[in-house]
1. Inspect region B:237-251 for any residue being within 14 Å of chain A (Cβ to nearest Cβ) and not charged (D, E, K, R) and give the result as yes or no.
2. Quick check: is even one residue across region A:340-347 assigned by TED's automatic domain parsing to the domain that holds residue A:273, surrounded by fewer than 19 Cβ atoms within 10 Å (Cβ to Cβ) and among the aromatic types (Phe, Trp, Tyr)?
3. Return yes when residue A:668 is assigned to a helix (DSSP H, G or I), at negative phi and among the acidic types (Asp, Glu) and no when it is not.
4. Could we say that residue B:176 is part of a loop (DSSP other than H, G, I, E, B), loosely packed, with under 15 Cβ neighbours inside 10 Å and either out of contact with any Asp or Glu (no Cβ under 7 Å at 6 or more places or on another chain) or away from chain A (no Cβ under 14 Å) (or both) here?
5. Out of A:645, A:634, A:662, A:710, which single residue is surrounded by fewer than 16 Cβ atoms within 10 Å (Cβ to Cβ) and in a helix (DSSP H, G or I)?
6. Please tell me if residue B:155 is within 30 Å of residue B:62 (Cα to Cα) and in the same structural domain as residue B:49 (by TED's automatic domain parsing).
7. Which of (1) part of a helix (DSSP H, G or I); (2) within 14 Å of another protein chain (Cβ to nearest Cβ); (3) touching a helix residue (DSSP H, G or I) at 6+ places or on another chain (Cβ under 8 Å) is the odd one out, the single condition residue A:678 does not satisfy?
8. Considering only residues that are under 22 Å from residue A:66 (Cα atoms), at pLDDT below 85 and surrounded by fewer than 14 Cβ atoms within 10 Å (Cβ to Cβ), which ones fall in region A:124-143?
Amino acid sequence: MTEFKVNSRLSSLILYLFGFLLLWEWIRPVEQLTDTSNVWVFLLFLLIALFLDYIGLHYMIRFILKGGVILFALYMLYYTETLGPFQSLSFMIEEFFYNFSVMLQRDWPELTNMFRSFLFFVLLWLMTYLIQYWLINRRQIFVFFLMTLIYITVLDTFTPYNAEWAIVRTVVSGFLIMGILTFYRELEKEEIKKGKAYTRKWTLPLISFIFASFGLAYAAPKADPIWPDPVPFITSLNEESGGSPTAGIRKIGYGEDDSNLGGPFLPDNKVVFEAEMEFRHYWKVETKDVYTGKGWVPSAEGEEKIPFSMGEETPIESFVDNGNVQTTEHSSFVQMLSTYPHVMYPLGVTTVDGDRQYSMELNPTLEKIETPSSNPGFVTDYSVSYERPRYSVTALSASNNENHGLDSEFYERYTQLPDNLPQRIHDLAAEIVANSDNWFDQIREIERYFSRSGYIYDQRDVAIPGPNDDYVDQFLFDTRRGYCDNFSTSMVVLARSAGIPTRWVKGYTEGEMIASGTDDRNRYEITNNNAHSWVEAYFPEVGWVSFEPTQGFTNSVQYNFDMNDDNNSSQQQEETTDQPNAPELDENRTPTDGQSDKLTITAIWDKVKDVINDYWKIAAGILAILTALIAAAYYKRGRWLPYFYTWWFKRSKKDEQFIKAYLTLLNELERYGLAREKGQTLREYSKVIDHSFETKDMSRLTAKYEQYLYRGSLEKGIWIDTQKLWENLIKKTIA
Amino acid sequence: MTEKMHPVIEQVLLNIEKVMIGKRKVAELSLVALLVEGHVLLEDVPGVGKTMMVRALAKSVGANFRRIQFTPDLLPSDVTGVSIYNPKELEFQFRPGPIMGNIILADEINRTSPKTQSALLEGMEESSVTIDGVTHILGKPFFVMATQNPIEYEGTYPLPEAQLDRFLLKMKMGYPAPEDEIEVLTRVQKQAPIEKIESVITLEALTSLQEQVKEVYVDDSIKRYIVELADRTRKHASVYLGVSPRGSIALMKAAQSYAFIYGRDYVLPDDIQYLASAVFVHRIILKSEAKFEGITAEQVVERIVATTPVPVQKVVK
């Protein structure tokens, strides 16, 4: 018997192992195709979760352990840099609340990375449960196996993921797992308890079958696909269905003149450049600062350009270097496929390095880096180093219209608006930011405004403003549909109206991933379709921060929901204690601002201490009373337990109830003082019971139970027939 | 027991009771053995009705009854039969011995030499005997009821333990109760009642009953219980040699048969407990110190039965 147990433990271990392998195939492409890094953490979680299921601990323990693993992983991934474990817990809770509110608003792009990872963990958790259910309970895996294959092949077809070996792996482990499961199903069906002798007989053909089919499939000649790449076909189908292009439509792409925006665009697949990136980021080309009512122009033409050479630090200051922005050094490689004199670079660029025969210069107004007009050239291959920012929300939330301390010239330049801007734009801006008291919250309100208010992304049916129309006004109030220029320009105008310094940025999105590149980089292809415009806002003591108002686009920006250091928090602590009469200050704060001192660990602990100090006597009293009640209930259980059992077992008419009811009766009789001796058979025992109760009920009931236990058959309707007997007996045990 | 007996068995028992008064339990156990083709060893002093019992049983089932009176000078060929040269036909002719019957009474088996005992015991085990190179299949059913005088009597050859194992059951007759004995006297006054009884079932019917007994269901929990009992005899402090797996099998078969007699198609722990002594006692060898202390095998088995937990729930696998 023990031998069989070992055997079945081993077999379920094998099942779990292959279940893990199948799940792994789902995770593998994620690393390559998305921005997800640290995939091993998720794999580790899968392993731990399946292992815990395998050892079969109590489900509550498993739940706690898995939840703990998730929290720990999130902590290691997102919080270790700045905070201790307990402090991070409070921030994690804060971030959860924030994300729940975002989810309620269906503002999906706003979800933070931590929360996305959390959701992914939960998804994996569900998957492990399903795997366990399929493998151990249902003994069927075909559907999951098929889905895995479909998933892999679809990815292989439509993405750069190369699934050649993934398919082989999946088929081999899928076949194995199905073979093993069939074996167990057969064993169970035939009620063979010692499967050991059959295991070998089954294993050998199974393995040889798999290897034969694998070998045959691998060695057999394979025809070329009759449909080499369905992707262009599908996109062309999409274009055809859109109807013929109308006259006057421009092709999408990068242009220098933005003074007259508006009008429809046609897609253009021409590749501009390819890039290898560690992280997805937008590519900037230039920024513009003056809104004319029709479009954008630079504030100063022909300004003195700043020359610098390849590999030298670029003269662009993106962030204020005072610790409010944590940065990590990264680099991306660009290979130009169209000829432009300018260079693409991400926000936070530090150096541009390429063919050293070229010198570069920076147009300080546009922040455009290009080869000098005196010595023009086209740099085809270059690398860009940049600092990837992680902004402190505390610092971002520190400034507002009254308190920004910015140089007035700078401030006016980036809050410039035409004098004839329609008043309703100002009114709208004031309305949007009315409930926020700092720039960061305000600009995020504006950023979200477009998706909340149902503005539509469209490249075709886009109006050109008439001679008396304002470009932004037309989009915001009349047409309500447009593409990136409409959204980004409108956001800048609204933000400037609210007094927040912003500028308009032109460039490209990250494009489409085509392959995995060197190191941890992925290779992206950027076409004219990826030409884009967005918004940057300036925060004092922080620097420039990107915002993405356009529907359907995301440009993930990392924020730190931190407090800068401990001093800061203790200061705030003092402030609040000093100002007990000003609670209204706190009320306007949203859970996102991270400054809220309601949720710091010390504050919570203080509150808990207060509560304990105030109520411990009551709590101890309640506890003592409860304990006494439970003890009393236990000692007097003879008074009420039989009633409880009568009620409990009468709820169901199922025959299985009879068994439990009978065994409960035995226990109750023992409690009553009529214990059965070890070597006493049920029949002898029931004679004793019947003798002492002067009935025949126990013998009659026992005869039924004997039939079930020793004959292996449970009569239909037995519980309905015997309930009366049972009830008579259990009532006799009432003390 | 308030259960209804199997009607055919009931008739057989009633038939036997016409002859044997107050010995229903012994008759029942003999039937238990007969139904599973096992053999019975009756141990008791002479004159308590052992022979009468077997004859009554044989007559009731219409079986061919043979009796072998074992004496110290009995030869194996007296049991199995012998080939005799027939000068008329110039060849050896086989003259079957008393073992070629259906129901054999081997009276006072411990009075003869081990050599002759073996001749019988081998026939019991293999259901065939080989004489002069020719194998003779014994009758079916083949049922041996051996009797022996308690071994402390003089001039006996005790049966080896290995051969005792071949008997399904060992039981004692005991003296009849005074009232029963008076009734016996009354009955034999005119004519021995054994002459009057007739068969109630045929041999074929008996064979079919034997087949039905095999179908009696034995639950896993019961099998576990049997094995647990056997195992405890092996581990018992007073026991030198415990019950073999053959003993476990014997107990299960006997229990099936007993359940069948009582009209059940499944075995109860009560059956096991009832039969444990009869099946186990003669298979146990006690340590000599236990014997000196006056412990008997019966006591050991009783103790084990009383302390081994009876299965009252399904075994959780």
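The values are calculated or read from the model by the stated rules, or taken from the named source; none is laboratory data. Keep in mind the model is a prediction, meaning the values are calculated, not measured. With ideal geometry, Cβ positions are generated from the backbone for all residues, glycine too; neighbour counts draw on all protein chains shown.
1. Quick first cut of region B:237-251, residues within 14 Å of chain A (Cβ to nearest Cβ) only: none.
No: region B:237-251 contains no residue that is within 14 Å of chain A (Cβ to nearest Cβ) and not charged (D, E, K, R).
2. yes
3. Numbers: assigned to a helix (DSSP H, G or I): yes; at negative phi: yes; among the acidic types (Asp, Glu): yes.
Yes, satisfied.
4. On the way: part of a loop (DSSP other than H, G, I, E, B): yes; loosely packed, with under 15 Cβ neighbours inside 10 Å: no; either out of contact with any Asp or Glu (no Cβ under 7 Å at 6 or more places or on another chain) or away from chain A (no Cβ under 14 Å) (or both): yes.
In short, no.
5. Values: A:645 fails: surrounded by fewer than 16 Cβ atoms within 10 Å (Cβ to Cβ); A:662 fails: surrounded by fewer than 16 Cβ atoms within 10 Å (Cβ to Cβ); A:710 fails: surrounded by fewer than 16 Cβ atoms within 10 Å (Cβ to Cβ).
None of the others qualify; the one that does is A:634.
6. When the stated conditions are applied, residue B:155 does not pass them.
7. (1)
8. Answer for region A:124-143, where residues must be under 22 Å from residue A:66 (Cα atoms), at pLDDT below 85 and surrounded by fewer than 14 Cβ atoms within 10 Å (Cβ to Cβ): just A:137.
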